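Notes follow once the structure below has been shown.
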Amino acid sequence: MTLESKIPAGDIATKWTKYKSTVPLVNPANKRQLEIIVVGTGLAGASAAATLAEMGYKVKAFCFQDSPRRAHSIAAQGGINAAKNYQNDGDSVYRLFYDTIKGGDYRSREANVHRLAECSTSIIDQCVAQGVPFAREYGGTLSNRSFGGTQVQRTFYAAGQTGQQLLLGAYSGLERQVGLGNVKMYARHEMIEVVKIDGKARGIIARNLVTGAMERHFGHAVLLCTGGYGNVFYLSTNAMGSNVTAAWKAHKSGAYFGNPCFTQIHPTCIPVSGHYQSKLTLMSESLRNDGRIWVPKKLNDERHPNDIPEDERDYYLERRYPAFGNLVPRDIASRAAKERCDAGYGVGQSKMAVYLDFKYNMMQKYGRTEASKLNIANPDDETLIRLGKEVIKEKYGNLFDMYKQITDEDPYEVPMRIYPAVHYTMGGLWVDYDLMTNVPGLYALGEANFSDHGANRLGASALMQGLADGYFVIPITIGNYLSKEIHTKPISTDHEAFVAAEKAANDRIQQLMGIQGTRSVESYHRKLGLIIWNKCGMARNEKGLKEAIAEIQALRADFYKNVRIPGSVNEFNPELDKAGRVADFLELGELMCVDALNRNESCGGHFREEYQTEEGEALRDDENYMYVAAWEHKGNTWELHKEELNYENIKIQQRSYK
Amino acid sequence: MSKLMKLNLKVWRQKNAESAGNFEEYKVDASPDMSFLEMFDVLNEQLIETGKEPVAFDHDCREGICGMCSMVIDGRPHGPKQGVTTCQLHMRSFNDGDTITVEPWRANGFPVIKDLTVNRSAFDRIIAAGGFISTNAGNAVDANAVLIPKEVADEAFEAATCIGCGACVSACKNASAMLFVGAKVTQLSKLPQGKPERESRVVAMVNQMDAEGFGACTNTGACAAECPKQIPLSVIANLNREYIGAKMNGK
Ligand SMILES: Cc1cc2nc3c(=O)[nH]c(=O)nc-3n(C[C@H](O)[C@H](O)[C@H](O)COP(=O)(O)OP(=O)(O)OC[C@H]3O[C@@H](n4cnc5c(N)ncnc54)[C@H](O)[C@@H]3O)c2cc1C
Ligand code: SF4
Ligand code: FES
């Protein structure tokens, strides 16, 4: 099967507009006859479900949490990008497009990224109309901040709770449609199988997590908006329940998995503190607007950070990347932190941390401005700190509180200690321009698809992508498929394909329950995470990846012999739910290593130690690897399909932030 | 590594909605740096490895934002500390040798599913009744077309930080949901975009709240005292004002 990305012809700037005005539509009467299944209610799923229902389609939406409002998107902190150019600082759709392609280290599709940049502006309009309380200036206009990998201020935010506010906006739109009877919501349900009939996706098998009952649901199309798979690492900034199951089941039913090894390690997270740790907490990238990252210049410097004088500090990002300084993209900032710690300059008990220090900007940037507003001439340090602290509090208060809660240290007084942690997955189900996987009628939106971020995602662009996909892309592109389905009557869920899919799901659960070994699901997940973190994390090499593959295979075999799942099938049983998810991670982990081993180059977050410049920067091999690796599941192995990437509008270069 | 604390737990166990529940006692060693839920992870690991059933509890983000975690700890929703959720509570807030009692939210509107897990779908139905601004994707004007004074945006934001956890209901002796409903009504009624539906919204939401079996508000303030997001009591006053205003206009 060849990969058809279905990118419309024509000039990049007008492609999407032209596509929109020529794509086949479904008339309102027919929409009411068409049923769409939306799995996931994060930003991508909630916005898609609400919008498709507004248009008149019959929608069923699913999530595994107790309410659609609790999807992992709720935790996003820092902000959402849009090319509004409200700051008059030279931003434009083209610049956002360019920054995203470059940030992704030239491994994403031009046409998709340009469309994303075009949609970005409408997203902000839509959210404000819904009542999302973005931060504002005194004059009443919207406020912006900067994120990494850009030199303009295009990030819209609501304190450190942007994801929460955006998701509650999308959720309210979704609940409005639930109230109107246009969406039927299934919370505490987990999709565990895609149902295919004559090669097309026609429904799902979902498990009611409260009763354990299997349910069959028909749809003319199925949208997977099920988020990323960062939890394959066990410790990550993702919510505990985030998992790959929906995407993985789709993959095993024929959907190709794109660039699985492209994962994002976020530079600023609270470091691991103990073996019992269940997750890691992000300290938003927005903090790098005002926080300066440093380590001591001296090896094994045991002094308290506040006692280390200015000239004995190594602001290593400012030193290495003067043009972008602390705002270099995440992959670069993470590797630089690892480099310093590996060289022995790390701080804190574990020595696996660096400082993120706000004091300079608290005093010199905000303290001074406030003092001058108040006409205080020659303010002393104490005044500067007092005034600056108020501003910092308003911008990042909830993050500072969270830090204190976890570490018992006050970041207003001492620098934060941070270290990189798994955060986001650029890889995901391969989709074409319409967001359809290679399985007709099966779509993937949001973090679940591989789409727009190449080998490294820039900050504040996942929220943008999720909402672009849901509010503005899928409502148009789905017409391309459904306009041909208007004669398809709803298929009975007694159809043999539904029966077979349900049986497969049941058999799997019985197999898991039948093992009755001695070890908890959690213990396997932890082990898997460690293998992947050590050998397919921030730095990878051929030897390590080969070892990892063997270790994962052995761990998987052990899991199927010795795991213990308490309780029974037909009841609320979170351990059973978790077991199914970990079983899928144990397969995905192997594919990630296979993909990383195949890609003999370094790009973005994928850093193969064998391929680096003399200065330790990622060394791409455009000659041989400028493609999307789309993997087809073949029983015990995978077959690679390549989608070549063509850059017609952006000149590819060695990425430089110096 | 900090020294381990020895704790005695009294945990509510209930097989399902139909069965009667009871307290069970457990012993756990915990590090002061653990979160309360990580302490429960350790307990569950022990239970599983000794062939017993782990305690079912809701959680997801573990950073105080999804609103999923929900334990009543020593009689207080989300435990002894102000302004934090159960997942953000750390064991350093307890002492070596403590006995800690852990129960689910208790309210008619929130039936128990299992152990410490309850059903809060009533909150979704209240939002579906009116907790939104009716606007379809594609309808919006430019985001800066309507200027919103910073103070108004900040006030709306403060109310909008509610995480829908239900601690307010659990804390209230009448199991009233006024703080939750007041927060949403306040957010949307403050903003210019929310004004057109202001009256129909508050009436629809209050009607649904009553239909779900939440109790009346007698102004004891327990809700705001236990709210992890410190949603102020003033949102209830605002809710009452909005409701009376709407009723006077015949809604
Ligand atoms: C701590 C943190 C902070 C972040 N901050 C930012 C930021 O500031 N800016 C930014 O742009 N991005 C940020 N991100 C990234 C961004 O939040 C996510 O990429 C994005 O929210 C993903 O949205 P989504 O809709 O694709 O998926 P999610 O929000 O993860 O939603 C997944 C949905 O799928 C459902 N689901 C999954 N599997 C199944 C199944 N099998 N059956 C049924 N339902 C299922 C879940 O219930 C859920 O509803 C952050 C991420 C983290 C971890
Ligand atoms: S008002 Fe407070 S206690 Fe009540 S649901 Fe919202 S956040 Fe929870
Ligand atoms: S688990 Fe999300 S708020 Fe506690």
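In the range B:73-109, which residues are in contact (Cβ under 8 Å) with a residue 60 or more places away in the chain, in contact with a helix residue (DSSP H, G or I) (Cβ under 7 Å, 6 or more places away or on another chain) and not small (Gly, Ala, Ser)?
Those that are in contact (Cβ under 8 Å) with a residue 60 or more places away in the chain, in contact with a helix residue (DSSP H, G or I) (Cβ under 7 Å, 6 or more places away or on another chain) and not small (Gly, Ala, Ser): B:Arg76, B:Pro77, B:His78, B:Val84, B:Gln88, B:Met91, B:Trp105, B:Arg106.
Test A:Leu555 against the stated conditions and say whether it is in a helix (DSSP H, G or I) and open to solvent by 50 Å² or more (accessible area, probe 1.4 Å).
Against the criterion (in a helix (DSSP H, G or I) and open to solvent by 50 Å² or more (accessible area, probe 1.4 Å)), A:Leu555 does not qualify.
Inside the range A:1-38, can you point out the residues that are among the hydroxyl-bearing types (Ser, Thr, Tyr) and in contact with a strand residue (DSSP E or B) (Cβ under 7 Å, 6 or more places away or on another chain)?
The initial filter retains those residues of the range A:1-38 that are among the hydroxyl-bearing types (Ser, Thr, Tyr), namely A:2, A:5, A:14, A:17, A:19, A:21-22.
Within the range A:1-38, just A:Ser5 meets the criteria.
Listed residues A:Asn208, A:Asn144, A:Asn231; which is polar (S, T, N, Q), more than 16 Å from ligand 2 (Cβ to nearest atom) and open to solvent by 20 Å² or more (accessible area, probe 1.4 Å)?
A:Asn208
Enumerate the pairs (first residue in the range A:54-66 and within 13 Å of chain B (Cβ to nearest Cβ) and under 15 Å from A:Glu175 (Cβ atoms); second residue anywhere and within 16 Å of ligand 3 (Cβ to nearest atom) and of a type in the set (Gly, Ala, Ser)) with beta-carbon separation below 7 Å, excluding pairs fewer than 6 apart on the same chain, so at least 6 apart or on different chains.
Taking only residues 6 or more apart or on different chains, the pairs are A:Cys63/A:Ala71; A:Cys63/A:Ala187; A:Gln65/A:Ala71; A:Gln65/A:Ala187; A:Gln65/A:Gly241; A:Asp66/A:Ala187.
Going residue by residue through the range A:354-376, is there one that turns out to be among the charged types (D, E, K, R), surrounded by 14 or more Cβ atoms within 10 Å (Cβ to Cβ) and within 28 Å of the chain's Cα centre (by Cα)?
Yes: one or more hits.
Out of all the residues in the range A:74-108, which are surrounded by fewer than 24 Cβ atoms within 10 Å (Cβ to Cβ) and in contact with a strand residue (DSSP E or B) (Cβ under 9 Å, 6 or more places away or on another chain)?
A:Lys84, A:Tyr86, A:Tyr106 - these are the residues of the range A:74-108 that are surrounded by fewer than 24 Cβ atoms within 10 Å (Cβ to Cβ) and in contact with a strand residue (DSSP E or B) (Cβ under 9 Å, 6 or more places away or on another chain).
In this structure, does B:Met91 turn out to be touching a Ser or Thr at 6+ places or on another chain (Cβ under 6 Å), more than 7 Å from ligand 3 (Cβ to nearest atom) and of a type in the set (A, V, I, L, M)? Reasoning before the result, please.
Numbers: touching a Ser or Thr at 6+ places or on another chain (Cβ under 6 Å): no; more than 7 Å from ligand 3 (Cβ to nearest atom): yes; of a type in the set (A, V, I, L, M): yes.
So B:Met91 fails the test.
Restricting attention to the range A:595-607, report how many residues are surrounded by 23 or more Cβ atoms within 10 Å (Cβ to Cβ) and outside any loop (DSSP other than H, G, I, E, B).
Residues in the range A:595-607 being surrounded by 23 or more Cβ atoms within 10 Å (Cβ to Cβ) and outside any loop (DSSP other than H, G, I, E, B): 4 in total.
Name the single residue, out of those in the range B:110-127 being of a type in the set (D, E, K, R) and in contact (Cβ under 8 Å) with a residue 60 or more places away in the chain, that is surrounded by the fewest Cβ atoms within 10 Å (Cβ to Cβ).
B:Arg125
Counting only residues that are of a type in the set (Lys, Arg) and open to solvent by 70 Å² or more (accessible area, probe 1.4 Å), which one in the range B:219-251 is nearest to B:Val181 (Cα to Cα)?
To start, the set of residues in the range B:219-251 that are of a type in the set (Lys, Arg) comprises B:229, B:241, B:247, B:251.
Restricting the remaining residues to those that are open to solvent by 70 Å² or more (accessible area, probe 1.4 Å) gives B:241, B:247, B:251.
Values: B:Arg241: 13, B:Lys247: 17, B:Lys251: 18 Å.
Going through the qualifying residues, I end up with B:Arg241.
What's the total number of residues in the range A:302-339 that are open to solvent by 20 Å² or more (accessible area, probe 1.4 Å), more than 25 Å from the chain's Cα centre (by Cα) and of a type outside the set (Phe, Trp, Tyr)?
15
Condition check ((1) among the β-branched types (Val, Ile, Thr); (2) at pLDDT below 95) across all residues:
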{"site": "A:Glu623", "(1), (2)": "no, no"}
{"site": "A:Met626", "(1), (2)": "no, no"}
{"site": "A:Trp631", "(1), (2)": "no, no"}
{"site": "A:Lys634", "(1), (2)": "no, no"}
{"site": "A:Thr637", "(1), (2)": "yes, no"}
{"site": "A:His641", "(1), (2)": "no, no"}
{"site": "A:Tyr647", "(1), (2)": "no, no"}
{"site": "A:Gln653", "(1), (2)": "no, yes"}
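So, in the range B:53-77, exactly how many residues are assigned to a loop (DSSP other than H, G, I, E, B), under 27 Å from A:Gly567 (Cβ atoms) and not charged (D, E, K, R)?
The initial filter retains those residues of the range B:53-77 that are assigned to a loop (DSSP other than H, G, I, E, B), namely B:53-71, B:74-75.
Then drop every residue that is not under 27 Å from A:Gly567 (Cβ atoms), which leaves B:53-62, B:66-71.
This time we only want the ones that are not charged (D, E, K, R), so: B:54-57, B:59, B:61, B:66-71.
Summing the residues that are assigned to a loop (DSSP other than H, G, I, E, B), under 27 Å from A:Gly567 (Cβ atoms) and not charged (D, E, K, R) in the range B:53-77 gives 12.
Condition test on B:Lys10, is it outside any loop (DSSP other than H, G, I, E, B), surrounded by fewer than 22 Cβ atoms within 10 Å (Cβ to Cβ), more than 9 Å from chain A (Cβ to nearest Cβ) and touching a residue at least 40 places away in the same chain (Cβ under 8 Å)?
In short, yes.
Which one of these is within 16 Å of A:Lys527 (Cα to Cα) and either assigned to a loop (DSSP other than H, G, I, E, B) or open to solvent by 50 Å² or more (accessible area, probe 1.4 Å) (or both): A:Lys651, A:Lys578, A:Lys642? Break it down into steps so the answer makes sense when it comes.
On the way: A:Lys651 fails: within 16 Å of A:Lys527 (Cα to Cα); A:Lys642 fails: within 16 Å of A:Lys527 (Cα to Cα).
The unique qualifying residue is A:Lys578.
Could you please find all residues in the range A:218-250 being within 16 Å of ligand 3 (Cβ to nearest atom) and in contact with a Pro (Cβ under 8 Å, 6 or more places away or on another chain)?
Residues satisfying the conditions do not exist here.
Let's see how each residue does on (1) within 14 Å of chain B (Cβ to nearest Cβ); (2) at pLDDT below 95:
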residue	(1), (2)
A:Arg69	yes, no
A:His72	yes, no
A:Gly78	yes, yes
A:Lys84	yes, no
A:Gln87	yes, no
A:Arg95	no, no
A:Glu110	no, no
A:Leu116	no, no
A:Gln130	yes, no
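Scan the range B:128-173 residue by residue and report those that are open to solvent by 50 Å² or more (accessible area, probe 1.4 Å) and either assigned to a loop (DSSP other than H, G, I, E, B) or more than 23 Å from B:Ala224 (Cβ to Cβ) (or both).
B:Ser134, B:Gly138, B:Asn139, B:Val141, B:Asp142, B:Ala145, B:Val146, B:Leu147, B:Pro149, B:Lys173
Under the condition of being among the acidic types (Asp, Glu) and in a helix (DSSP H, G or I), which residue from the range B:181-218 is surrounded by the most Cβ atoms within 10 Å (Cβ to Cβ)? Spell out how you get there, then give the answer.
Start the filter on the range B:181-218 by keeping residues that are among the acidic types (Asp, Glu), which leaves B:197, B:199, B:210, B:212.
Next cut, in a helix (DSSP H, G or I) only: B:199, B:210.
On the way: B:Glu199: 19, B:Asp210: 12.
Per the stated criteria, the residue is B:Glu199.
Restricting attention to the range B:88-106, which residues are modelled with pLDDT of 95 or more and part of a loop (DSSP other than H, G, I, E, B)?
Within the range B:88-106, B:Leu89, B:Phe94, B:Asn95, B:Asp96, B:Gly97, B:Asp98, B:Pro104, B:Trp105 meet the criteria.
Restricting to the range A:411-437, name every residue that is assigned to a strand (DSSP E or B) and either closer than 30 Å to A:Ser253 by Cβ or not hydrophobic (A, V, I, L, M, F, W, C) (or both). It would help to see each step written out before you state the result.
Initial filter on the range A:411-437 (assigned to a strand (DSSP E or B)): A:416-425, A:428-429, A:436.
Answer for the range A:411-437, where residues must be assigned to a strand (DSSP E or B) and either closer than 30 Å to A:Ser253 by Cβ or not hydrophobic (A, V, I, L, M, F, W, C) (or both): A:Arg417, A:Tyr419, A:Pro420, A:Val422, A:His423, A:Tyr424, A:Thr425, A:Gly428, A:Leu429, A:Met436.
Any idea how many residues of the range A:4-58 are among the aromatic types (Phe, Trp, Tyr) and farther than 25 Å from A:Ala246 by Cβ?
Result for the range A:4-58: 2.
Take the residues of the range A:390-438 that are small (Gly, Ala, Ser) and at pLDDT 95 or above: which is farthest from A:Lys338 (Cα to Cα)?
A:Gly428
Within the range B:117-127, can one find any residue that is part of a loop (DSSP other than H, G, I, E, B), of a type in the set (A, V, I, L, M) and away from ligand 1 (no atom under 16 Å from the Cβ)?
Checked against the condition, which is being part of a loop (DSSP other than H, G, I, E, B), of a type in the set (A, V, I, L, M) and away from ligand 1 (no atom under 16 Å from the Cβ), the range B:117-127 yields no hits at all.
Across the range A:558-573, what is the total count of residues that are open to solvent by 20 Å² or more (accessible area, probe 1.4 Å) and free of Cβ contacts under 8 Å to residues at least 40 places away in the same chain?
2
The values are calculated or read from the model by the stated rules, or taken from the named source; none is laboratory data. Source: prediction; values computed, not measured. Positions of Cβ are backbone-derived with ideal geometry, glycine not excepted, and every protein chain shown enters the neighbour counts. To get the accessible areas, we keep the full protein, side chains included, count just its heavy atoms, and leave off ligands, DNA and RNA. Shrake-Rupley method; radii C 1.70, N 1.55, O 1.52, S 1.80 Å.
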